[in-house]
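These notes concern the structure reproduced below.
The values are calculated or read from the model by the stated rules, or taken from the named source; none is laboratory data. Bear in mind the structure is a predicted one, so any value in this text is a computation, not a measurement. Note: ideal-geometry Cβ built from the backbone for every residue, glycine included; neighbour counts use all protein chains shown. Remember, those area values only see protein heavy atoms, side chains included, never the ligands or the DNA or RNA. Shrake-Rupley method; radii C 1.70, N 1.55, O 1.52, S 1.80 Å.
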Amino acid sequence: NQFATTICCIGAGYVGGPTCSIIADKCHDVLVYIVDIDQTRIDQWNSDKLPIYEPGLDDIVKRRRGLNLFFTTDVDTAINKSDIIFVSVNTPTKKSGIGAGMAADLKYIESATRRLAQVAQSSKIVVEKSTVPCKTAESMRAILESNSKPGLRFDILSNPEFLAEGTAIQDLLNPDRVLIGSLQTPEGKKAQATLADLYARWVPREKIITMNLWSSELSKLAANAMLAQRISSVNALSALCEATGADIDEVAYAVGKDTRIGSKFLKASVGFGGSCFQKDILNLVYLCESLNLHEAADYWRQVITINEYQKKRFIQRIVKSLFNTVTNKSIAILGFAFKKNTGDTRESAAISLIKYLIEEQAQVHIYDPKVEEEQIFFDLIEPGVYSNENQVLHKVKKLVKVHKDAYSATLNTDALVVCTEWDEFTNLDYQKIYNQMRKPAFVFDGRLILNSDKLRKIGFNVEVIGKVAGPVTVEN
Ligand code: NAD
Ligand code: UDX
C-alpha cells in the first residue's frame, strides 16, 4: 500500500462528498473512500453527472477519482482498511416519537456507529462530521465500546463542518476555521493532533482550533443559530421598512458599516431555507427545553417564528397586490433552489409559496437553472406524506409546469416572483418579458436583486421585500 493514511467517509452527501474529495485532492498520499448505503447516489458519484451541483466540485472529483478517491457502497471493506472514519450522515429533524418536530433524528448516526463497531478489526479515530446535539459523541462511544472486538480503541473527535452550499469548495479550501473537539485525555489529544495534521496540509495552523468535545459540538449549533438570527433580525426590520417607507437595503447597509456588526448575512429575503438553519435551531431549542432552560429555548424559537412570518408576509403581499385573488391567475416562479449556485431545494421558501398558490388554484410556471423537474414535483407532492396523495398529485400536475428558461416560464403570466437570487435573473431582457405578459404585469422581488426603477419604467408593478411600492411611472 503506497498510502500513508486511509480514511473512510460514511455518507456521500452534500458534506461528505465535497469535504473528503478536497482531502483527496490536497493529500495525494491519503487514500479516501466515500461510502453510502444509497447505491444510486454512489453510481452518480462514479458517473459524469455528480449527485450534487457545487461550483468547482466536478473538476476535483474527476482529477482524483480512481487514483486516491473512491466512491463505493462496500461500507465494511472501506471501514476496515481505514485509520480515520468520518461520520457524515444526515441528521434530520425527528418526524415522530419523543422530540418529534424538534430533536435531531440520530438513527443514521447510530446505525453507522453500530456498523463501525461490528466490522472494525483495528483501532480507529472516529470523526463526528454531522451536526449533532451536544453530547452525541458520548453515545457513540458507548455504542462502540460495548459492541466492538476486545482490545480495540476508538477515539472520537468532533469536527463540525461550516461549509455553505454554493460556495462549498471555496469554504473548504479557505475555511474561516477548522474546529476539532476531543476528550482532554492524552489519547484524545493525540487523535486531535492527527486530524489537525491532516488539515494543516492546506489550512494555516492558526485557523485550526482545538477544544473540548462538548464545546465543539455546541459551537456548530451556536454558529448556525446566530447566522439565522441575523437574517431573522433583518427580515423583522424589513416588515418595519414596508410600514414606514424606510428601505431595508439602506438600513442594512448603514447598520452593517458598524465593524462590530459587519455587513455579511444582512440581506433581507423571502425567508431562509436550506437543510441546516431550521433543523439546527430546532435542535438547539430542544436541547434548551430538555435542560429546563425555557427562556433560552423561547429566544431561539423566535428566529424560526420570524422566518415563518416573513414567508407568510410575502405570500400575503403577492395576493393583496393581485387584487386579493390568485385563483386562475398565471404566476411565474423564478428560482426553486433555497439559494443560488446550488440545486438543493431542502426547506426552500419557494416550496411553501408554491404550495399556497396551488391551494388557491393558481397556474404556476417554474424555472430554476439547476433544479431538475423531477425534484420540483417531488417537493410539491411529497410522496408518502399525504393520505390523499393521488388527489395532490393530480392537482399539482394540473396546475404546475416546469420550464427550461425564464422567457418560457413568464409567457402569458400575470406576475413573476423571484424566489432565488440566481445571477442570471438580473440580466434578463425584462422589456421582452413585459411584452409577453398579461397586463397589468407584476414583479415580486423576494431577493432584492432587480432594478425596480428600471422595471417600473418598462411598465411593471413592482413589489420588493423591505421597500414600499413606488408609483407606476411610465416614460413617454
Ligand atoms: P445528505 O442527506 O446530503 O447526505 C447524507 C448521506 O448519508 C446520504 O446519502 C445517506 O444515504 C447517507 N447515510 C445515512 N445513513 C448511512 C449509513 N448508516 N451508512 C452509510 N451512509 C449513510 O446530508 P448532508 O447535507 O451531507 O448533511 C450531513 C450532515 O452534515 C448533517 O448532519 C448536516 O446537518 C451537516 N451539515 C450539512 C451542511 C450542508 O450544507 N448541507 C453543512 C454543514 C453541516
Ligand atoms: C449554512 C451556514 O451558512 C453554513 O455555515 C453551515 O455549515 C450550513 O448552513 P447554507 O444553508 O448552505 O449554509 O447556506 P447559507 O448561505 O447560510 O444560506 C441559508 C439561507 O439563508 C438561504 O436560503 C439564503 O438565501 C438565506 N440568506 C442568507 C438570507 O436570506 N440572507 C442572507 O443575508 C444570507
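Pairing each residue of the stretch 90-106 that is in contact (Cβ under 8 Å) with a residue 12 or more places away in the chain with any residue that is among the β-branched types (Val, Ile, Thr), provided the two are 6+ apart or on different chains, yields C-beta distances under 6 Å for Thr91/Thr131; Thr91/Val132; Ala104/Thr91.
Of all the listed residues (Ser269, Ser263), the sole one being within 23 Å of Gly166 (Cβ to Cβ) and either surrounded by fewer than 22 Cβ atoms within 10 Å (Cβ to Cβ) or not assigned by TED's automatic domain parsing to the domain that holds Ala349 (or both) is Ser263.
Taking the stretch 263-289 as the range and being more than 7 Å from ligand 2 (Cβ to nearest atom) and assigned to a helix (DSSP H, G or I) as the test, the residues that pass are Gln278, Lys279, Asp280, Ile281, Leu282, Asn283, Leu284, Val285, Tyr286, Leu287, Cys288, Glu289. Within the stretch 160-187, residues that are part of a helix (DSSP H, G or I) reach partners that are open to solvent by 20 Å² or more (accessible area, probe 1.4 Å) and near ligand 2 (Cβ under 7 Å from one of its atoms) with beta carbons closer than 7 Å, at six or more positions or on different chains, in the pairs Asp171/Phe162; Asp171/Leu163; Asp171/Ala164; Leu172/Leu163.
Do you know which residues across the stretch 69-90 are polar (S, T, N, Q), touching a strand residue (DSSP E or B) at 6+ places or on another chain (Cβ under 6 Å) and open to solvent by 10 Å² or more (accessible area, probe 1.4 Å)? Spell out how you get there, then give the answer.
Narrowing the stretch 69-90 to residues polar (S, T, N, Q): 72-73, 77, 80, 82, 88, 90.
Narrowing the set further to residues that are touching a strand residue (DSSP E or B) at 6+ places or on another chain (Cβ under 6 Å) leaves 72, 82, 88.
Passing the criteria: Thr72, Ser88.
In the stretch 188-218, the qualifying residues are those that are out of contact with any Ser or Thr (no Cβ under 9 Å at 6 or more places or on another chain) and surrounded by 17 or more Cβ atoms within 10 Å (Cβ to Cβ), and the one that is nearest to Val303 (Cα to Cα) is Leu218. Restricting the stretch 91-111 to residues that are open to solvent by less than 60 Å² (accessible area, probe 1.4 Å) and among the aliphatic types (A, V, I, L, M), the residue that is farthest from Leu198 (Cα to Cα) is Ala100. Checked against the criterion of being open to solvent by less than 40 Å² (accessible area, probe 1.4 Å) and within 16 Å of ligand 2 (Cβ to nearest atom), the stretch 32-49 contains not a single residue that satisfies it. Of the residues Tyr253, Tyr199, the single one that is outside the structural domain of Leu287 (by TED's automatic domain parsing), of a type in the set (Phe, Trp, Tyr) and without any contact (Cβ under 8 Å) to a residue 60 or more places away in the chain is Tyr199. Would it be correct to say that Val132 is in a loop (DSSP other than H, G, I, E, B), in the same structural domain as Ala78 (by TED's automatic domain parsing) and in contact with a strand residue (DSSP E or B) (Cβ under 7 Å, 6 or more places away or on another chain)? It is true that Val132 is in a loop (DSSP other than H, G, I, E, B), in the same structural domain as Ala78 (by TED's automatic domain parsing) and in contact with a strand residue (DSSP E or B) (Cβ under 7 Å, 6 or more places away or on another chain).
Residues Lys439, Lys395: which one is assigned to a helix (DSSP H, G or I) and either open to solvent by 10 Å² or more (accessible area, probe 1.4 Å) or modelled with pLDDT of 95 or more (or both)? Checking each option against the conditions leaves just Lys395.
The sole residue among Leu179, Leu106, Leu144, Leu116 that is within 16 Å of ligand 1 (Cβ to nearest atom) and within 27 Å of Ala337 (Cα to Cα) is Leu106.
Is it fair to say Glu165 is closer than 22 Å to Thr194 by Cα, surrounded by 18 or more Cβ atoms within 10 Å (Cβ to Cβ) and within 16 Å of ligand 2 (Cβ to nearest atom)? So Glu165 fails the test.
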